[in-house]
Amino acid sequence: MKEDIMVAVVGAGPAGSTAAQAIAASGMEVLLVDKKSEIGSPVQCGGFLPEAFELEKLMPHARLPGTLREIPQRHILHRTQLQRIYSPSGDNKQFAVAGRVLDRRAYDRHLAALAASAGARVLPATRARLEEGTVQLSGHFNGKIRPQIIIGADGPHSIVSKAMGNPIQETGICLEYEMAGVNIDAKAAEMYFSARYAPGGYAWIIPLSQDTANVGVGVRSSYMAGQKLSIILGRFIREHPIAAEKLAGGEVLAVMRGLVPSGGTCGAIQKDNMLLAGDAAGHVMATSGGGIPLAVVAGRIAGEVTVGQLRGEMVLADYASRIREEFGAQLSRSVRIRKMVDMAMKSDRLMNALFAALSPEQMKSVMRAQIPVPLASRAWLFSGSDSQD
Ligand SMILES: Cc1cc2nc3c(=O)[nH]c(=O)nc-3n(C[C@H](O)[C@H](O)[C@H](O)COP(=O)(O)OP(=O)(O)OC[C@H]3O[C@@H](n4cnc5c(N)ncnc54)[C@H](O)[C@@H]3O)c2cc1C
């Protein structure tokens, strides 16, 4: 492998493969490196991705790549029509959201294959380390490279972000089971809020078919009071007054763990010859934990800015403002909302009061990182009844 190359992308998730495709399609030399032996596996995701018209409402200023719009049918396991949200007291509100549930393993491989077809060199089973401007590769491929530009698309604990001097970002921790033999509403993706069953976060049921689902919980360690995540998810599955009925008799086919950035961007997303995209840059909607669409859009922008810099038409310093233009406002509002809702997370009484204050349409707007009046006014803080705690 030659030492001097134009671009190295660390991480072949949705952000990295999208960036590598954009760069290779412009005729530039790019290496796409991932430590996973098989790109896309193991899966660390629920796979929920709103339909393209929903994404346009979520990120109205973003240019959505075709890979978010026309996903081959064979990579879509299921489609949902509703989002249903349960309060701690068991009330629910639902609203229309057209969703696709992706086969993430297949989708990630599809994106990496598009990058490869465009001319990117893909190096699976290869770990990258950064050392004084060089990238050290070890694993299936070994060597030292000196790229002109490095894109860090290497997830929440990004080594590229660390090399840029950024602090460790705030994350939620998730545990998810793929379950078979469940009796769920296959039309609805469900979220459950409760201090007992999902402290500082929420639990979810994402249907994969009529009787299979991804069932998970994402929480923040500061709310867990030393409890193990497997205990929290087990309790949700066996004891939650509503979910337990749907999940009774289900068998676990797969166990997935992972971190989800929950505080938006923390630190710089560009420094010297380095850019960050996707989870590495905190590009995850803090209201939902959804990161696939932002990762793909950020990967596209990182690729375009890289090509612009190499052609002398742009500078890498343009990257942060391009991100801000396309989805910066939505990302930072989602973090503001999460911080408002954090207060309610401390007590089921407050969460029930907040839930009661919002109509289904207002909940939908919260999920789209808009701040409806009842949330902003904080009147709900004073309207909860003590008996529900
Ligand atoms: C349990 C769970 C459920 C989720 N559910 C959803 C959901 O339903 N919908 C949704 O939109 N989002 C969901 N998310 C979030 C979503 O999975 C991420 O936001 C998304 O994968 C981000 O893509 P990415 O390309 O930035 O990073 P990733 O997909 O994390 O890819 C990063 C890649 O970098 C590689 N890597 C890391 N370090 C190195 C290194 N040193 N050298 C080489 N390679 C390296 C990793 O192996 C990995 O393949 C979920 C997350 C979790 C944990």
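The values are calculated or read from the model by the stated rules, or taken from the named source; none is laboratory data. Values in this document were obtained by computation on a predicted structure and should not be read as measured data. Because the Cβ atoms are built from the backbone with ideal geometry, glycine has one as well, and the counts that use them run over all protein chains shown. Accessible surface areas use protein heavy atoms only, side chains included; no ligands, DNA or RNA. Shrake-Rupley method; radii C 1.70, N 1.55, O 1.52, S 1.80 Å.
Structure data summary
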| quantity | calculated |
| --- | --- |
| Qualifying residue in the range 106-120 (condition: assigned to a strand (DSSP E or B) and either under 30 Å from residue 211 (Cα atoms) or of a type in the set (A, V, I, L, M) (or both)) | no |
| Complete set of residues in the range 150-169 that are away from the ligand (no atom under 11 Å from the Cβ) and within 17 Å of residue 317 (Cβ to Cβ) | 150, 164, 165, 166 |
| Of all residues making up the range 292-332, the number that are in contact with a strand residue (DSSP E or B) (Cβ under 7 Å, 6 or more places away or on another chain), open to solvent by 10 Å² or more (accessible area, probe 1.4 Å) and either part of a loop (DSSP other than H, G, I, E, B) or small (Gly, Ala, Ser) (or both) | 2 |
| Single unsatisfied condition, residue 285 versus (1) in a helix (DSSP H, G or I); (2) under 25 Å from residue 168 (Cβ atoms) | (1) |
| Selection from the range 287-302 of residues that are more than 13 Å from residue 46 (Cβ to Cβ) and modelled with pLDDT under 95 | 287 |
| Filtered residue count, the range 124-137, keeping only those that are part of a strand (DSSP E or B) and either open to solvent by 50 Å² or more (accessible area, probe 1.4 Å) or farther than 18 Å from residue 158 by Cα (or both) | 3 |
| Residue match in the range 212-221 (condition: touching a residue at least 60 places away in the same chain (Cβ under 8 Å) and over 20 Å from the mean Cα position of the chain (by Cα)) | no |
| Contacts under 6 angstrom Cβ, first residue in the range 355-374 being closer than 15 Å to residue 59 by Cβ, partner part of a loop (DSSP other than H, G, I, E, B), 6 or more apart | 365/372; 367/287; 367/288; 369/287 |
| Some residue of the range 71-78 being at pLDDT below 95 and within 25 Å of residue 120 (Cβ to Cβ) | no |
| Test set (1) within 29 Å of residue 364 (Cβ to Cβ); (2) in contact (Cβ under 8 Å) with a residue 24 or more places away in the chain - residue 324 fails condition number | (2) |
| Top-ranked residue of the range 37-82 - restricted to ones that are in a strand (DSSP E or B) and open to solvent by less than 20 Å² (accessible area, probe 1.4 Å), ranked as farthest from the ligand (Cβ to nearest atom) | 76 |
| Tally, over the range 138-178, of residues that are among the small types (Gly, Ala, Ser), in a strand (DSSP E or B), touching a residue at least 60 places away in the same chain (Cβ under 8 Å) and surrounded by fewer than 22 Cβ atoms within 10 Å (Cβ to Cβ) | 2 |
| Verdict on residue 264 being within 11 Å of the ligand (Cβ to nearest atom) and open to solvent by less than 20 Å² (accessible area, probe 1.4 Å) | no |
